[in-house]
Amino acid sequence: MPERASLQVAEFLGDGIAPELSAAVHRVAAALPLAIAFHPVDLGLAARRQDAAACYRAAEAAIRAHGVAMKYPTVTEKESPNKVLRERCSFSVIHRPVASVPGVPSRHDGKVDLHIVRVAVGGTYEDAGRRIGDDVAVSIRVIERRPSREAALFAFRLARRLGSSVTSSSKYTIQVATDGLFEAVVADVARDFADVPHRSELFDALLYKLLMRPEHFRVIVTPNEYGDFLSDMACGMIGSIGLGASASYGFDEGGAVALAMFDPAGGTAPDIAGKGVCNPSAALLAWAMLLTHAGHHGLGSMVDAAVRGAIAQGHRTRDLGGNLGTTEFTAAVIKVLAAAPAA
């Protein structure tokens, strides 16, 4: 997208620590040399209990009007707001970058710099299953060609920009029909990217190799549930789920991104909600991803670097071994941002 003098952003409000995360994003946004207008939609539990259908209609209208949305954690009751938005907006791909941050205590010595690209639909999550009598339960596992292809295209395009390889991973020797289809689609896409090396790894072997030599991997594309498991494990490798940002993408018929939603990977954290101690890093990193996607590459890189730089300088919230509250950490990020060269 071209550089623009202003940015319109749909904002999906949520539950628990969501108001504190939103406040942190707004403070950082106000520090940028860019006119940003947020268009809030309340997806909090109280609003959904009153009229869930109206909430989702408003959210869909807002993201379709502006193309991008910033979302905060929401409670799941009866339905998952993430699932509803995924279906309404045809989000087929989830992208979660996970990278080591200097200054964050970790039990892992290797350098992690991963981009996990996950098919956002299907897999074992498509069907909750059913009981057959008292002793048997079954569910249907779904792998579809189009979302698999969209995930593969996203992964290869990303790897080309990064100058890296792509690793596809599943249990294709066991789930021959389903994971076999996924791998066949990835292999087909790979033929159009002769400059991007590609290899397949069995998912259990991938987990072992990642823990032993994470620097051997950069872009990984997987079916739905595998990517879910892998994303959380990778955050554990770098020290905190509070550092995990996420993006969801929907595509047009030509394969270009039509809608994009950005959010922190963590949950509502009701035990600390309202106490001013939550870590806003993931929300701020997601905000950086949104800026980059919207065409403001320099500002996105600056915000990302400011979050990581503040942590490296010793400004850390409690979950990262520090003692700063949400507001204090956000102020530290803004201070680092102010000292950075102009984008």
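The values are calculated or read from the model by the stated rules, or taken from the named source; none is laboratory data. Keep in mind that this is a model prediction, so the values were computed, not measured. Reconstructed Cβ throughout: ideal geometry from the backbone, glycine too, with neighbour counts over all protein chains shown. What goes into the accessible areas is simple: the full protein's heavy atoms, side chains included, and nothing from ligands, DNA or RNA. Shrake-Rupley method; radii C 1.70, N 1.55, O 1.52, S 1.80 Å.
Taking max minus min of the alpha-carbon positions on each principal axis, region 273-324 gives extents of 35, 25, 10 Å, largest first. With a Förster radius of 45 Å, plug the Cβ-Cβ distance of residue 135 and residue 184 into 1/(1 + (r/R0)^6) and report the FRET value to the nearest 0.05. FRET efficiency, residue 135 to residue 184: 0.80. Extension gain for residue 275-residue 8 works out to 93.1 nm (0.36 nm per residue, less the C-alpha to C-alpha distance). For residue 335, the lysines whose Cα falls under 29 Å of its own Cα, not counting residues fewer than eight places away in the same chain, are 71, 111, 275. Which one of 29, 205, 190 has the biggest mean-square fluctuation once the chain is modelled by GNM with Cα springs under 10 Å? Looking only at 29, 205, 190, the biggest GNM fluctuation is shown by 205. Remark: the chain carries 44 Å² of accessible area per residue (probe radius 1.4 Å; ligands, DNA and RNA excluded). To put it simply, the accessible area of region 166-273 at a 1.4 Å probe is 58 percent carbon and sulfur.
GNM on the chain, alpha-carbon springs under 10 angstrom: the most fluctuating residue among 116, 132, 17 is 132. Once the Kirkwood radius over Cα pairs is known for region 76-231, the Stokes-Einstein relation at 37 °C and 0.692 mPa s delivers a diffusion coefficient of 198 µm²/s.
Here residue 256 and residue 99 are evaluated by their C-beta separation; at R0 = 25 Å the FRET efficiency comes out at 0.45.
Applying 1/(1 + (r/R0)^6) with r as the Cβ-Cβ distance of residue 202 and residue 142 and R0 = 25 angstrom yields a FRET efficiency of 0.75. Every helix of 4 or more DSSP H residues in the chain counts as -39500 (n - 2.57), and over all residues that averages to -13500 deg cm²/dmol at 222 nm. Short to long, the 5 Å bins of the Cα pair-distance histogram for region 186-262 hold 3, 11, 18, 22, 21, 16, 8, 2, 0 percent of all pairs.
Rg/Rh for region 29-75 (Cα atoms only, Rh after Kirkwood) is 1.05. By the Stokes-Einstein formula, at 1.567 mPa s and 4 °C, the chain with its Kirkwood radius over alpha-carbon pairs has D equal to 63 µm²/s. Each principal axis of the Cα cloud of region 119-192 was evaluated for its coordinate range; sorted largest first, these ranges are 53, 22, 18 Å.
Take the convex hull of the alpha carbons in region 1-124; its mean projected area over all directions comes to 10.5 nm². For the chain, with a Gaussian network of springs between Cα atoms less than 10 Å apart, report the residue from 124, 74, 330 with the top mean-square fluctuation. Looking only at 124, 74, 330, the biggest GNM fluctuation is shown by 124. Based on C-alpha pairs under 8 angstrom that are at least 6 apart in sequence, the chain has a relative contact order of 22 percent. Place +1 on the Cβ of every Lys and Arg and -1 on the Cβ of every Asp and Glu in the chain, take the dipole about the Cα centre, and give the residue among 95, 230, 330 whose Cα lies farthest towards its positive end. About the Cα centre, the residue reaching furthest to the positive side is 330.
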